[in-house]
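Quick notes on the structure that follows.
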Amino acid sequence: MTLKEGFLWGGATAANQYEGGWNEGGKGPGVPDHIRGGTVSTPRTWDMEIDPNVYYPSHQAVDFYHHYKEDIALYGEMGFKCFRLSINWSRIYPTGMEEEANQEGLAFYHDVFAECRKYDIEPLVTISHYELPWGLSIKYNGWTGREVIGHFMRYAETLFTEYKGEVHYWLTFNEINNGTGAMGRILSLGMLGKDGRPMFGDPETPEEINDRFTALHHQFVASALAVKKGHEIDPANKIGMMTIGHPVYAYTCNPKDVIAMNEEMNMRLFYCADVQVRGHYPFFAKRYWEENNITVRMEEGDEEILKEGTVDFLSFSYYMSSAASADPEVTKVQGNMFSGVKNPYLKASEWGWQIDPEGLRILLNQLYGRYEVPLMIVENGLGAVDERSEDGKFHDTYRIDYLRSHIEAMKEAVRDGVDLMGYTMWGCTDLVSASTGEMKKRYGFIYVDRDNDGNGDFHRERKDSFYWYKKVIASNGEDLD
């Protein structure tokens with residue numbers, strides 16, 4: 001077989017898009033609980049005060065909070081070896097600043113992990129997946145405040161201690177490289193600015209850009225400290241980083257396009273991965289800071305912390321690639337948190353995300369060649385409008401075709417020599433889209449009765465892809481028909 005024995009097949013979710021129960025069980029509000037829904041053409045905005053007359057998609061999401069036993073049983077039926085989920089920080093520390101953890105929140109995740117054990121499913125837990133407590137955003141302007149590192153460490157140490165022996169695989173931050181761009185300002189870093197501001201696409205001031213890179217540095221320090229603490233509490237823990245995997249091609253062989261490609265790859269991918277895997281900022285960081293008038297506010301000892309807190313493995317999301325050009329007139333496309341130049345050789349999804357399975361093989365080779373640590377694909381999937389057929393079923397052959405082509409490319413990378421740990425498809429049960437707040441954009445093997453306006457009874461149904469993925473897992477990726 002191409003893939004190693006014990007390969008971690010499974011699916012991935014995030015609490016703010018999946019869990020719901022936003023004000024139950026002692027949970028406090030998180031940043032996503034203040035963000036309204038939107039569409040691909042209507043950017044999501046956020047409110048300083050939650051308006052009871054407004055629909056906020058994260059408040060109920062698809063209600064895993066009350067359906068976790070049903071969902072995990074379905075994952076067991078598919079044969080999952082691994083289930084990636086995140087813990088909702090404000091379910092454990094409601095404002096992020098309490099001295100004592102919320103016991104009801106801790107108990108909920110104990111119950112979730114017990115269900116996983118019932119089906120021999122390994123939890124892969126993201127400690128912070130775009131779920132900063134609102135209290136920390138208000139008091140410190142999110143990760144801009146260095147004080148947040150201490151609050152995060154209390155939270156992370158609580159998780160490592162509480163779930164010792166129940167969780168063996170951890171990720172510190174979701175898509176940490178989102179913080180290198182303006183789109184990560186509120187969702188990833190919790191930086192607020194003015195009320196009602198769009199989550200994406202709003203121009204930043206020079207001061208905000210400067211603060212954003214300091215906030216990202218604070219996440220680096222927090223991650224490194226957490227890796228060290230997690231290993232101290234349980235040496236069996238495997239703790240990884242998670243980044244947006246978005247390879248970039250030169251639009252033409254014009255050397256200026258090649259330079260543009262290198263600059264985008266450096267800042268989109270290698271800037272964060274170098275810090276977390278190699279333990280130091282990359283060679284190109286200083287010039288970038290100087291040319292963009294950025295002063296990263298570091299403290300004495302930070303460089304040593306980064307060096308000592310390198311991760312055990314590198315994980316990433318992969319949905320698409322794009323191109324880079326020095327020509328400002330070329331056509332641009334949107335994607336997963338990053339935009340880029342449209343590649344004329346690729347088709348695209350209904351949401352304009354370019355479909356590039358070969359790009360996954362290219363990315364796996366790039367990452368393994370640079371870092372030589374185990375890799376894991378923790379998000380990959382197709383957002384599409386799933387419509388019920390005349391027979392009452394969901395025949396999502398387009399999703400099966402998408403996943404098949406990407407798994408084939410993944411296996412080619414393994415044959416190339418890449419050390420790959422696992423693959424968790426996004427999002428295994430339909431959930432709320434992070435970028436648009438829609439339910440219409442569905443990813444799952446499992447349909448959830450919920451629409452963009454919050455209507456529906458949350459019942460679950462298996463799609464055709466459910467049965468296909470079950471066969472893929474049972475054959476360890478050999479049966480892709």
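What to note about this one:
- Ordered by the count of other Cβ atoms within 10 Å of each Cβ, fewest first, 426, 89 give 426, 89.
- Under a 5 Å amide H cut-off, with hydrogens placed 1.01 Å from N, residue 191 pairs with 143, 186 among residues at least 5 apart or on other chains.
- Share, in percent, of DSSP beta bridges within the range 287-429 that are antiparallel, nearest 5: 40
- Normalising by residue count, the range 203-329 has a Cα convex hull of 130 Å³ per residue.
- Loop sites in the range 419-481: GluC sites (Glu not before Pro), DSSP, at most 14 other Cβ within 10 Å: 478
- Each Cα pair under 8 Å and six or more residues apart adds its separation to the average, and for the range 75-204 the resulting relative contact order is 28 percent.
- The chymotrypsin sites (Phe, Trp or Tyr not before Pro) of the range 220-300 that DSSP puts in a loop, and whose beta carbon has at most 12 other beta carbons within 10 Å, are 283.
- Here, the range 125-258 yields an orientationally averaged convex hull projection of 10.0 nm² when only Cα atoms define the hull.
- Footprinting exposure proxy for 463, 27 (fewest neighbouring C-beta atoms within 10 Å first): 463, 27
- Basic side chains Lys and Arg get +1 at the Cβ, acidic Asp and Glu get -1 at the Cβ, and with that the dipole of the chain about its Cα centre reaches some 660 debye.
- In the range 340-404 the Cα-Cα distances spread across 10 Å bins starting at 0 as 16, 39, 30, 12, 3 percent of all pairs.
- Angstrom value of the Kirkwood radius, inverse mean 1/r, which spans all Cα pairs in the range 276-420: 18.3
- For the range 261-281 and the range 132-163, distance of Cα centres in Å: 24
- Surface/4 of the Cα convex hull for the range 1-136, nm²: 10.2
- Percentage of interatomic Cα-Cα distances in the range 68-129 larger than 15 Å: 52
- Backbone amide hydrogens, once placed in the peptide plane, bring residue 122 within less than 5 Å of 82, 83, excluding anything fewer than 5 places away on its chain.
- Derived from the Cα gyration tensor, the three semi-axes of the equivalent ellipsoid of the chain are 29, 28, 24 Å, largest first.
- The calculated pair-distance distribution of the range 214-259 uses every alpha carbon pair, bins of 5 angstrom beginning at 0, and gives 5, 16, 15, 12, 12, 10, 10, 8, 7, 4, 0 percent.
- Ordering 203, 244, 344 by the projection of their Cα atoms onto the charge dipole of the range 8-474, which places +1 on the Cβ of Lys and Arg and -1 on the Cβ of Asp and Glu, puts 344 at the extreme positive end.
- Look at the alpha carbon pairs under 8 Å that are at least 6 residues apart: their mean separation over the length of the range 8-474 gives a relative contact order of 17 percent.
- Computed on the range 302-351, with alpha-carbon pairs under 8 angstrom and 6+ residues apart, the relative contact order is 27 percent.
Each reported figure results from applying straightforward, stated rules to the coordinates on display, with no laboratory input. Note that the coordinates shown come from a computational prediction; the quantities given were computed from them, not determined experimentally. All Cβ positions, even for glycine, are placed from backbone atoms using ideal geometry, and neighbour counts span all protein chains on display.
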